[in-house]
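Please read the structure below before turning to the comments.
The values are calculated or read from the model by the stated rules, or taken from the named source; none is laboratory data. The model shown is predicted, which means the values in this text are computed figures rather than measured ones. So basically every Cβ, Gly included, is an ideal-geometry build from the backbone, and we count neighbours across all protein chains shown.
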Amino acid sequence: MAEAVSIRGVGRVFAGREGPVPVLQGIELEAGAGEFVAVLGASGCGKSTLLRLVAGLDSPTAGEIRIGSRTVTDCDPRCAVVFQEPRLLPWRTVAQNVALVARGVPDAETPAAILNRVGLTGNERSWPYQLSGGMAQRVALARAFVRKPAVLLLDEPFAALDAFTRLQMGDLLRETCRDRSRTVLLVTHDVDEALRLADRIVLLAGRPAAISAEYATAGHDPIRLRAEILGRFGLKEVA
Ligand SMILES: Nc1ncnc2c1ncn2[C@@H]1O[C@H](COP(=O)(O)OP(=O)(O)OP(=O)(O)O)[C@@H](O)[C@H]1O
Ligand SMILES: [Mg+2]
């Protein structure tokens with residue numbers, strides 16, 4: 001069941017060679033249970049850092065992150081993360097890669113059922129090296145879905161894919177998240193992807209970065225919203 005994510009006053013300072021490097025400061029973000037939120041920001045602004053904090057892969061130096069009523073303190077089993085690269089085990093077949101993650105998950109779908117959902121029926125016995133980039137990333141999504149996470153964290157999951165596969169994967173993600181059984185945080189620097197998929201778009205900007213603006217996508221003209229968001233990053237629409 002989906003859980004709300006609450007990020008309150010979160011900061012992260014890294015230890016740099018020439019002293020402390022504040023990357024995130026005063027991040028305030030509430031994602032309702034079942035909501036799909038896209039976090040949009042320029043390269044290097046701290047998007048992955050924020051996602052790692054929510055997953056409990058790293059700890060904030062200020063503030064607090066909650067999933068439901070519990071504070072995130074370390075690697076949180078209620079979250080599943082999909083990274084830019086699929087990170088499959090090369091010595092396991094596609095079905096085994098999914099089955100390993102499903103272990104211990106109550107009423108987990110079978111690998112066959114979940115692979116069917118991501119359009120990979122017939123590839124159960126393939127090895128990761130035999131897959132295209134898009135297929136491998138479908139397996140990564142299957143591994144995340146099979147755990148029935150309360151919170152799905154996506155760190156530019158389609159960035160390495162060609163434009164067509166990227167659109168297909170976006171549709172797949174949107175379809176799978178339609179039942180709102182999980183809260184989704186999608187980190188991306190693709191404005192169109194954010195507009196197509198998310199209920200709400202938050203912009204991360206500045207150094208250290210904070211949330212500089214946020215927009216609900218429902219009821220907004222996507223073309224206007226796109227221009228507004230690009231404008232926020234100092235970019236103009238190409239006619
Ligand atoms: N473990 C670390 N130690 C020191 N600095 C770090 C560490 N992790 C990230 N940083 C710094 O924090 C900043 C933000 O990095 P992050 O990976 O979160 O950016 P990003 O927005 O995800 O970028 P991209 O779009 O390129 O993936 C960068 O300047 C990076 O060098
Ligand atoms: Mg990143």
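With respect to (1) away from ligand 2 (no atom under 13 Å from the Cβ); (2) crowded, with 19+ Cβ neighbours inside 10 Å; (3) under 16 Å from the mean Cα position of the chain (by Cα), the lone exception for Gln25 is condition (3). As a summary of the residue check, Arg138 satisfies the conditions (1) surrounded by fewer than 21 Cβ atoms within 10 Å (Cβ to Cβ); (2) within 18 Å of the chain's Cα centre (by Cα); (3) in a helix (DSSP H, G or I) except for the one numbered (1). For the stretch 189-223, the candidate set comprises residues that are in a helix (DSSP H, G or I) and in contact (Cβ under 8 Å) with a residue 12 or more places away in the chain; within that set, the residue that is nearest to Arg178 (Cα to Cα) is Leu197.
From the list Pro149, Pro106, Pro128, the one residue that fits, being away from ligand 1 (no atom under 16 Å from the Cβ) and in contact with a Pro (Cβ under 8 Å, 6 or more places away or on another chain), is Pro128.
When the residues of the stretch 202-239 are narrowed to those that are of a type in the set (D, E, K, R) and touching a Leu at 6+ places or on another chain (Cβ under 8 Å), which ends up nearest to Ser43 (Cα to Cα)? First the steps, then the outcome.
Kept after step one, since they are of a type in the set (D, E, K, R), are these residues of the stretch 202-239: 207, 214, 221, 224, 226, 228, 232, 236-237.
Retained after the next criterion (residues that are touching a Leu at 6+ places or on another chain (Cβ under 8 Å)): 214, 226, 232, 236-237.
Numbers: Glu214: 18, Arg226: 18, Arg232: 15, Lys236: 18, Glu237: 19 Å.
Among residues in the stretch 202-239 that are of a type in the set (D, E, K, R) and touching a Leu at 6+ places or on another chain (Cβ under 8 Å), the one nearest to Ser43 (Cα to Cα) is Arg232.
Can you pull out every residue in the stretch 41-68 that is among the small types (Gly, Ala, Ser) and at pLDDT 95 or above? Selection gives Gly46, Ser48, Ala55, Gly56, Ser59, Ala62, Gly63, Gly68. Just to verify a result, which residue in the stretch 196-239, among those that are under 15 Å from the mean Cα position of the chain (by Cα) and either surrounded by fewer than 16 Cβ atoms within 10 Å (Cβ to Cβ) or within 17 Å of Gly34 (Cα to Cα) (or both), is farthest from ligand 2 (Cβ to nearest atom)? Only one residue fits best here, namely Asp199.
Residues that are in a loop (DSSP other than H, G, I, E, B), of a type outside the set (Gly, Ala, Ser), within 18 Å of Glu3 (Cα to Cα) and at pLDDT below 95 do not occur anywhere in the stretch 79-97.
For beta carbons closer than 7 Å, sequence separation of 6+ or different chains, a first residue in the stretch 127-154 that is farther than 14 Å from Arg117 by Cα and assigned by TED's automatic domain parsing to the domain that holds Pro106 and a second that is in a helix (DSSP H, G or I) and among the acidic types (Asp, Glu), there are no qualifying pairs.
For the stretch 31-50, a residue qualifies if it is near ligand 2 (Cβ under 10 Å from one of its atoms) and among the charged types (D, E, K, R), and exactly one does: Lys47.
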